[in-house]
Amino acid sequence: MADLPDLETLRIGIERIDAEILDALRRRMDLSDDIARAKLAAASPLRDPKREDMVLRKVREAATAHRLDPHEIERIYRLIMDMSVARQQGLIQRLDTTPLRVGYPGIEGSYSHIAARDRYAGRSGGVLLTGFENGREVLDALRRGELDLALLPIENTSAGSMSETYDLLASGGVTIIGEMLSQVDHRLLGLPGVKLEDIRTVLSHPQALAQCEMFLRKVPWIRPLPEFDTSGAARKVRELNDSTIAAIASESAAQRFGLQVLARDIQPASGDYTRFVELAREATPVPPDVPCKTTITVVLEHRPGTLGQVLTALAQRGVNLSKLESRPIPGEPWCYRFYLDVEAHAASAQLMAALQDLQPLTSSMKVLGTYPRAENWNE
């Protein structure tokens, strides 16, 4: 009996180890503050699923090597990660200069994320970027006040207009305060070691598939399948681990998900650009001397020649029309809503007069926003 360890001594030993664990956790949380500041400066999302998966994989391996239950250790580390994210969010809330909260459709590595990163990185006060599954979720969060701005793609130089964004603009509650142009450089991505001739299916956003239609015609053995997001398609290729499946996405997505670039230059040689609109709940003043655009939506009176009269009225007032788009109105068969981008300030005398001329020709009309033209941005 004399050789048995003393219970009180064992408890003191455990308390000493507990103190070491708590001290290590404190130091880990202190690093989380620095990580939050670095993410704000780089316009990176707080959560990084790829990084978290890598950490958990290493933790499971280390737990096994230490003869610990890997599943229980993973559960503990997931709680620690949640603590870290909560710590980062708390720091953001305490900052004297509140960071800009920006939402975009897609995940990290998507073209919308790349555009948002390019647009807002380096902003004084920092930026908190959040990806959503689709544009509707982005705007819902914006309307609820969970975001300050939203960045949505609205048209592409090769695939044309993005219908979802136009339909979302009609739902109201937001205004356009800016636009930007972002070059799109598509890559065909596959698992490491596969060859182009091995691929049978390619995943990507429908717009990306349309933008690469000419390339896909040259590889008829590859069947295109739509996904909600380009970077999400790349992630799916990695998760499925099927050598016959590829994705069309960015080089950034290839690096993020550990994929191999199978083909470059898979879109028109003249270059491919996507136009994004920046949205907020309230309008932002635009000085009268800044070259700008105004976006208007109208529903026309149903009589012959009305659209022609609208275009004539704009021309007579010297208002240049740079974009005209029509979308069906849900629940009203064969009725359409028109979107007009004009190169004028909504408060300018010429556009105000033109809008007065349009009133008798429309059953509804709304200004969706006046904003600086993209060519004035430092792209």
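The values are calculated or read from the model by the stated rules, or taken from the named source; none is laboratory data. Owing to the predicted nature of the structure, the values given are computational and were not obtained by experimental measurement. Ideal geometry is used to build each Cβ from the backbone, glycine not excepted, and the neighbour counts take in all protein chains shown. Ligands, DNA and RNA are excluded from the accessible area calculation, which covers all protein heavy atoms including side chains. Shrake-Rupley method; radii C 1.70, N 1.55, O 1.52, S 1.80 Å.
What residue, among those in region 284-310 that are of a type outside the set (S, T, N, Q) and crowded, with 16+ Cβ neighbours inside 10 Å, is farthest from Asp357 (Cα to Cα)? Per the stated criteria, the residue is Val286. Condition (residue is in contact with a Phe, Trp or Tyr (Cβ under 7 Å, 6 or more places away or on another chain) and at negative phi) applied to region 57-78: is it met by at least one residue? Yes, the conditions are met somewhere in region 57-78. Restricting attention to region 141-162, and to residues there that are more than 28 Å from Leu324 (Cβ to Cβ) and open to solvent by 30 Å² or more (accessible area, probe 1.4 Å), which single residue is farthest from the chain's Cα centre (by Cα)? Going through the qualifying residues, I end up with Arg144. Mind listing just one residue for me: the one in region 167-182 that is in a helix (DSSP H, G or I) and in contact (Cβ under 8 Å) with a residue 40 or more places away in the chain and, of those, most open to solvent (accessible area, probe 1.4 Å)? Filtering first and then ranking leaves Asp167. Return the residue satisfying two criteria in turn: it lies in region 276-293 and is assigned to a strand (DSSP E or B) and among the aliphatic types (A, V, I, L, M), and of such residues it is farthest from Leu216 (Cα to Cα). Of everything passing the filter in region 276-293, Ala280 is farthest from Leu216 (Cα to Cα).
Scoring Arg223 on the criteria (1) farther than 19 Å from Leu152 by Cβ; (2) open to solvent by less than 80 Å² (accessible area, probe 1.4 Å) leaves a single failure, condition (2).
Looking only at region 1-53, how many residues end up being β-branched (Val, Ile, Thr) and touching a Ser or Thr at 6+ places or on another chain (Cβ under 8 Å)? Steps first, please.
We begin by selecting, within region 1-53, every residue β-branched (Val, Ile, Thr); these are 9, 12, 14, 17, 21, 35.
Those still in the list that are touching a Ser or Thr at 6+ places or on another chain (Cβ under 8 Å) too: 35.
Of the residues in that region, 1 qualify.
Screening Thr64 on (1) open to solvent by 80 Å² or more (accessible area, probe 1.4 Å); (2) touching a helix residue (DSSP H, G or I) at 6+ places or on another chain (Cβ under 7 Å); (3) outside any helix (DSSP H, G or I) shows it passes everything except condition (3).
Inside region 226-279, residues that are open to solvent by 30 Å² or more (accessible area, probe 1.4 Å) and under 21 Å from Ile107 (Cα atoms) make up a count of 17.
Screening Glu155, Glu164 for residues that are closer than 30 Å to Val219 by Cβ, assigned to a helix (DSSP H, G or I) and in contact (Cβ under 8 Å) with a residue 24 or more places away in the chain leaves exactly one candidate, Glu164.
Among residues of region 9-38 that are open to solvent by 80 Å² or more (accessible area, probe 1.4 Å), none has a beta-carbon under 8 Å from a residue that is part of a helix (DSSP H, G or I) and aromatic (Phe, Trp, Tyr) at least six positions away or on a different chain. Within region 338-379, which residues are under 20 Å from Gly173 (Cα atoms), in contact with a Gly (Cβ under 9 Å, 6 or more places away or on another chain) and open to solvent by 40 Å² or more (accessible area, probe 1.4 Å)? Hit for region 338-379 is Lys366, nothing else.
Is at least one residue of region 67-74 touching a residue at least 24 places away in the same chain (Cβ under 8 Å) and open to solvent by 80 Å² or more (accessible area, probe 1.4 Å)? Checking region 67-74: not a single residue is touching a residue at least 24 places away in the same chain (Cβ under 8 Å) and open to solvent by 80 Å² or more (accessible area, probe 1.4 Å).
A count restricted to region 41-61 and to residues that are among the hydrophobic types (A, V, I, L, M, F, W, C) and surrounded by fewer than 12 Cβ atoms within 10 Å (Cβ to Cβ) stands at 1.
Taking the conditions exactly as written (surrounded by fewer than 18 Cβ atoms within 10 Å (Cβ to Cβ), under 27 Å from Asp34 (Cα atoms) and of a type in the set (Val, Ile, Thr)), does Thr98 satisfy them or not? So Thr98 fits the description; yes.
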